[in-house]
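Undergrad: Here it is, the structure in full.
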Amino acid sequence: MTTESTPRSTPSETRAESDGTTVPPQAPRSRSAAAPRTLGTAGLFTALSALFLSVVSFAAVGIAVPDIGASLHASAAEQSLVVSVYSLGFAVPMVLGGRLGDLYGRRRLFLVGMAGFTVFSLIATAAPAMPVLIAARALTGVCASAMVPQVLATITASTTGRERARAVALFGATAGGATAIGQVLGGVLLSVPLPGAPWRMVFAVSVLMGVVAFLAGLRWLPDTSSPGHRSLDLIGTALLGAALLALLIPLSQGGALGWPVWCWVLLGTAPMLFAAFWAWQHRLHRGDRVPLVPPPLLRLGSYRIGLVMALMLQSAFGAFTFLYALTTQTGLGWSPMHAALVLLPYALCFFAVSIWSGKLAPRFGFRRLLTIGGIVQAMLLAVTATSVFIQNAELNSWTLAALLVGVGVGQALMFGPLVGAMIADVPPAFAGAASGALQTTQQAAMGLGVAVAGGLLGTAMAGSTASADQSYTTALAICMVVQAVLAVAFALCALGLPRR
């Protein structure tokens, strides 16, 4: 419950500009706003290590799930829990993690989260049974929710101008490219003939990277915060957590359980809980108290439109990665290494173009880059979907890899510039809340995309007389068509962003 109040800095919630627009009230001055510390190259890569490690771990474990199931004699539902409990633990407390970083120091939350992530990854490495592994993965996700919001918040609080554009470009490259890198890493580790269960090496690598990132954080990460009053919106946190659980639990488990009635009840409850959460945030704001997500944040047009764009982008990306893994490994019988290597050129191209987009952003502007990215993405996805549909069970690895490189170009022009556009007007005092809300949206969107993709695949297989491999490739092609449509919608939304 909110225990302290904060006086408003102005008597009205908005002030008028000469052009007739309105601007949200100025946020309270923060330590980081008054005397920002330069992030520097070493600090930037240290901060990005939290995002990289959390995404790589998720992707690599997704590749390793079949091996985990065989080793620990797990059911299909238990195998899916290894992935879904991490996502749930990650998404639910994300906004609270950002707020805690604002209050008590982003460097401190980064280090606490990284230490917990490393410890629970070590427990997962040595897990003797599925219950231990599932619990360790859930707690690993909670620790990720403490450290990951500090990445974008630290960038927002300690960079400006071209340095911020470069940092945001690398943030986008890390967020997207780490998924493919994690799949490649998982494929490599599972292919190495090591004694014992190969899947344990996937968690062991997370332990090693976590130790290195923790030591780097002690040395290079700047300490920024926006302390204000030491209060937390616990009611808002509970409402948001309940809403996310009501949405993500049925999305992650409904397909495996055959969509029982309670899943539909939860899904019906989720919108009401989200509405109650937002009503509570407005009530706190009107009462001069400190909400979890400040309503003035969503009065920023760039941030509000950007959340909608992030929802479309991440849900489409989540659906694609899920169907790609199933189509190539289960449908076509490719090995994890084979499937991962086909994605490698895409990942390298994505990373290179994302960095390049950081140099283009100051010259051409976020709006133009995002529009171009959406159009390029839509065109290349349409071509790739046509190729997959025509080749079907005879899908050629080289052709797919080449086409995905073009898809990666469009996607790179969408990821990094979108984050830059969203945080351009965010005050440093709201950096943690903005980062937490964005990444919560991204995680929830990924779960939504996976759920829709699973339903699409089930429908395609149930209503088709074709072979299993053809059903998988058909579902992947349809997914790419839907992704192309969302890319067009993304480009249209980009036209609504501020011109500057």
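The values are calculated or read from the model by the stated rules, or taken from the named source; none is laboratory data. Predicted, not measured: the structure shown is a model, and the values here were computed from it. As a convention, Cβ positions derive from the backbone with ideal geometry for all residues, glycine included, and neighbour counts pool all protein chains shown. Accessible surface is based on the protein model in full, side chains and every heavy atom, while ligands, DNA and RNA are left aside. Shrake-Rupley method; radii C 1.70, N 1.55, O 1.52, S 1.80 Å.
Undergrad: Under 5 Å between amide hydrogens, which residues at least 5 positions from T224 or on another chain qualify, with H placed 1.01 Å from N in the peptide plane?
TA: Close amide H contacts, sequence-distant or interchain: R106, R107.
Undergrad: Turning to a different aspect of this structure: What is the gain in length, in nm to one decimal, between T41 and A238 on full extension, counting 0.36 nm per residue of separation less the C-alpha to C-alpha distance?
TA: Computed gain between T41 and A238 is 67.2 nm.
Undergrad: Hey, can you grab everything whose amide H is under 5 Å from the amide H of R289? Only 5+ residues off in sequence or another chain; H modelled, so Pro and N-termini drop out.
TA: T6
Undergrad: Take Y104 and A70, extend 7 Å from each Cα along the Cα→Cβ direction, and tell me the distance between the two endpoints in nm.
TA: My value for the distance between the label points is 4.3 nm.
Undergrad: Still on this structure: Accessible area per residue, 1.4 Å probe, Å², for the chain: what's the number?
TA: Result: 40 Å² of accessible area for each residue.
Undergrad: Here is a further query. For the chain, what is the convex hull volume of the alpha-carbon atoms per residue, in Å³?
TA: About 138 Å³ per residue, rounded to a whole number.
Undergrad: What percent do you get for the relative contact order of the chain when only Cα pairs under 8 Å and 6+ apart count?
TA: The normalised contact order for the chain reaches 25 percent.
Undergrad: Oh, and also: What figure, in Å² to the nearest 10, do you get for the accessible area of W262 with a 1.4 Å probe and non-protein molecules left out?
TA: 120
Undergrad: If you average the C-alpha positions of the stretch 86-155 and of the stretch 319-335 separately, how far apart do those two centres end up, in angstrom?
TA: Centre-to-centre distance over Cα atoms comes out at 28 Å.
Undergrad: With every protein chain in place, what's the accessible area of C479 (1.4 Å probe, Å², nearest 10)?
TA: In the full protein context, C479 sits at about 10 Å².
Undergrad: Report the longest stretch of the chain that contains none of the GluC sites (Glu not before Pro) sitting in a DSSP loop with at most 11 other Cβ atoms within 10 Å.
TA: In the chain, the maximal stretch lacking such sites is 18-500.
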